[in-house]
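The values are calculated or read from the model by the stated rules, or taken from the named source; none is laboratory data. Given the structure is predicted, the values throughout are model-derived calculations rather than measurements. With ideal geometry, Cβ positions are generated from the backbone for all residues, glycine too; neighbour counts draw on all protein chains shown. SASA here: full protein model, heavy atoms, side chains in, ligands and nucleic acids out. Shrake-Rupley method; radii C 1.70, N 1.55, O 1.52, S 1.80 Å.
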Number of protein chains: 2
Amino acid sequence: MQIREFTAADWPRVWPIVREVVRAEETFTYDPRMTAEQAYDIWVESAPGLTVVAVEDDRLLGTAKMGPNRSGPGGHVSTASFMVAADARGRGVGTALCRYTLDWAKRRGYAGVQFNAVAESNERAVTLYRRHGFAVVGTVPGAFAHPTLGRVGLHVMYHEF
Amino acid sequence: MQIREFTAADWPRVWPIVREVVRAEETFTYDPRMTAEQAYDIWVESAPGLTVVAVEDDRLLGTAKMGPNRSGPGGHVSTASFMVAADARGRGVGTALCRYTLDWAKRRGYAGVQFNAVAESNERAVTLYRRHGFAVVGTVPGAFAHPTLGRVGLHVMYHEF
């Protein structure tokens, strides 16, 4: 598996992953009715941010975006988001994207990586992030409306370098 | 003091307040170099959000914006931001804006109000929010670069209804 920078030619293979993840409404606080154009604007970062894809042979398995979490006096902390195709889960794609992001953020001199809204029901992600050095800073109770579990908490997670 | 809906005619009196607050870099994680046009886009909310101003006689003392904190499965929690003119502080403007926001969010049926990034050094704001029922959910260490205090934490605060 290789992680490489996103190019516009990847979008026809990235959009179905984004659409599937967003429409499931199980992990992201994105509007499930977003169009491909809106998704492109949200997902494809420009400098100083970066969007990458995970590819294996000719398959596109997942994608990540990363960049400063806030502006001005908050610009020294980065953030990131990850999406993995449903039929590619459990194969280390999220792990590879997370490692890539941590390396990227360290190289760029960020003080750490912050996740602003991790659904506490997304145990796969929470476990993966903990394994990579993230800790739950706090949990906003009931802030995520899961389609089957009802309202669950949203974790703020942080990995300080 | 009266809190009323912002109109475009207010902008020449709102922009100096926003500019002063943002350039001070003591409270907001906004780019201190932002232009008036960028500030307008960030500060002036469209529905379902709302921007208001606090006025007394003919003076514009402060401003607030409010709206959903996230989209999709996170859209039932609201957020808000407040700015008070430097020479109008300590006169209850922030209190009036905070109360207005809580009433607005309750009437609109939100589950609560979340502040995503309150500099822990901003004791005036933290005290005011606590007094109105907000609690610190967690603090991201060193995530705010204060111009004189150095890196201080950023609180996530929440008031559940």
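Couple of notes before you dig in:
- Summing +1 for each Lys or Arg and -1 for each Asp or Glu among the other residues whose beta-carbon sits under 12 angstrom from that of B:Pro147 gives 0.
- Summary for A:Glu56: label point 7 Å along Cα→Cβ; distances to the equivalent points in the other copies, ascending, 6.5 nm.
- Temperature 25 °C, viscosity 0.890 mPa s: under these conditions the Stokes-Einstein estimate for the protein assembly as shown, based on its Kirkwood radius over C-alpha pairs, is 119 µm² per second.
- For the pair A and B, total buried accessible area rounded to nearest 100 Å², probe 1.4 Å: 2200 Å²
- Within the same chain, lysines fewer than 8 places from A:Lys65 are excluded, and of the rest, those with a Cα less than 27 Å from its Cα are A:Lys106.
- Label 7 Å beyond Cα on the Cβ vector: B:Pro16 copy-to-copy distances, nm: 5.8
- Across all Cα pairs in chain B, the calculated P(r) in 10 Å bins from zero up to the longest distance comes to 10, 40, 40, 9, 0 percent per bin.
- Surface accessible to a 1.4 Å probe, per residue, for the residues of the stretch A:37-161, Å²: 43 Å²
- Exam field: A:Ser71 pseudo-label spacings to other copies (7 Å along Cα-Cβ), nanometres: 1.9
- What sits nearest the axis between copies A and B, counting only chain A Cβ atoms, is the residue and whole-Å distance A:Gly138, 1.
- Simple Cβ-charge dipole of the stretch A:4-161, Lys/Arg +1 and Asp/Glu -1, about Cα centre, in debye nearest 20: 380 debye
- Within the protein assembly as shown: Cβ-based charge dipole about Cα centre, in debye rounded to nearest 20 (Lys, Arg +1; Asp, Glu -1): 600 debye
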